[in-house]
Structure formats: C-alpha cells, structure tokens
Amino acid sequence: MTNDTSTIHPPSPFRAWLFLVGFSFRQMSRVKQMVGIAVGLLLVTCLVTSLVTMRFGWDRTEMRLQRSNPMTLQYAAGSMVGPVIEKSPLMESIRRESKPLAVFSRWLVFFLFLGFLLPLWNLSFATSALGSDRENRSLIWLITRPMPRSGIYLAKFVALIPWCLALNLGGFVLICLSGGETGRKALSLYWPAVLAGSLAFAAIFHLIAALFSRPAVVGLLYAFFFETILSELPVPGTMKRLSINYYTRCLMYSAARTEDVPVESTALFVPVSDELAWFVLISVTVGVTAIGMWLFSRSEYRDDA
C-alpha cells in the first residue's frame, strides 16, 4: 500500500522575501496620520483647481493688460503708436506669461506641486515603511528573522513604491484633470518628471527612516528647508544641484519649453540637459537605496528607540 505524502519544499529565501514585500505592502494601507494629511491636501487642491477652472479659467491676458495698461502711451502719442505697442517685446511677454498653460504650470505645477506637495506626499509613505515598525516595537523582531537585513530594507522599499506612485503620480493626475483642457496638457508634459522625482524622493525618505528614530520630523525639516526653500530662492549657484527638486524641475522646464511656456531666467536657474537630469534621478534612486541597504545591515537598533 502506497501512502501519498505531499512534497515538503525547503524554505526559500526568495519566497520569504516576496512574503515580506506583500506583508509590508498591506501594512502600508494602515498608515493614517501623515497619509490623511496628504489626502486632505490633495482634495483641497483639486477643489480649488476645479473652482478656478470653472469660475475664471486660466487665461490671465486681460487681467495682466488691465493691471499693466501698456496702451497708456497711445493716448498721449496718438493712435499711430498702437501697432508698435502691440508688437513690442512687453506685449509679447505679457501674452506668453498669461497663456493658460503658462499660468497653470507656474502656479500649480512648478510652485505648489513641485515645491510643496511632491516632497510632502513622498514623506507620508516613505518614512512609514520602517517608521511604523519602530513605533510598533516590531523592528527588533523583524531584523532577527533569518533574512539578510539588506533584503529587509529592500523589501520595505519595494513595498512602498506603489503607494508613493499612487499618491504622487495619481494625485498629480487628479489635479491636472481638475484643470480641464489646460490641466490635461500639463499632465502630458510633466508626468515623466513627476515619476522620476517620486522615486528619488522615496529613496531619500526611506533612508531617513532607517537612520533616525523620528523620521517624519527629520524628513519634514529636510523637505522644507533643503528642498522647498533652497529650490525657490531666486539666486543662482550650485547649491540647488544638491536637491532632487532641481533635477525634477530641469525635466519639467525642458518639457515646458517645447510648448513655449516661460520658465525661470537662465541668470537664476541654469538647467542641465535632460539626459543628465534623468541620470542623476535614477542614480539617486538606485545609489541611495544601495547605501541604505548597507547602513541598515550594520546599524544597531533598540526597542526603545
């Protein structure tokens, strides 16, 4: 008589790693505080964008003309100067800067989203991948499992990427769709830069979560003082090239120029090529993740820290 016995597979490190990725992915769905703030900001931004789109639109040409009143000279010198004024560099500048896509890009994309929302939204999930284990006092249990620490770090990073992209890229899509036809045009131009910037920011904030016991606080300080203020300062210099925001902005500015959208003066913002910007953002994502894996495998952690 033959007994049917099921084949018992030996433990597989790769299956264990995949299980940790899936478990961490589900764990991220329970992150509430920071993500709640991020979602609230997204809803408010979409609401305001929709109201502006429906009530006023994004064309500011008439408003700029009324405020600057470039035709005043015509009243003093006669109607003969009218055609000259119409073709003057001032009028051309006003028209270019007041086009719907230019206004939407300047205020919604470059200033609000890139300068504030993108770093904050990445911070919401990226610092929670390891930060939640610290808060739950489960990090020591996790790193004592029969799995390399570097693999644990990588699994946590892989698990947070879909959430970061869903919030950042998905949020950007919703904001742009709230902007009507102008927003849809902006979406087609800038989404690759948002994707690259999101991955690089996620790698930076995940490293912060591995190094500091209060990653949200440290991440906020980094995002506000280094990424936001440094990138928005109207001064030239190489310090800006140390920020993720700078290279993401280079990609956006390059896309904006294809549609004749005015960007910062080259006297204040000296961009790099698209190829170099992509190389830096991808290198930061991969390099910072590799550094984090190395540091995480050699750091000491305690239940009370």
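FYI, it's all coordinate maths here, none of it is from the lab. What you see is a predicted model; the values in this text were computed from it and never measured. Cβ atoms come from the backbone with ideal geometry, glycine included; neighbour counts cover every protein chain shown.
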Of the peptides 25-37, 166-178, 192-204, how do they stack up when ordered by the mean number of other Cβ atoms within 10 Å, highest first? 192-204, 166-178, 25-37
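Packing-wise, with mean Cβ within 10 Å as the measure, how do 125-135, 253-263, 238-248 rank, highest first? Don't jump to the answer; show the numbers that get you there.
Numbers: 125-135: 24.1, 253-263: 16.6, 238-248: 18.7.
Descending mean neighbour count gives 125-135, 238-248, 253-263.
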Alpha carbon centre of the range 216-230 versus the range 33-56: separation in Å? 22 Å
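Peptides 49-61, 284-296: what's the order by average Cβ count within 10 Å, highest mean first?
Details: 49-61: 15.5, 284-296: 17.7.
The peptides rank, most packed first, as 284-296, 49-61.
Within the set of other residues whose C-beta is less than 14 Å from the C-beta of F19, count the net charge using Lys and Arg as +1 and Asp and Glu as -1.
+4
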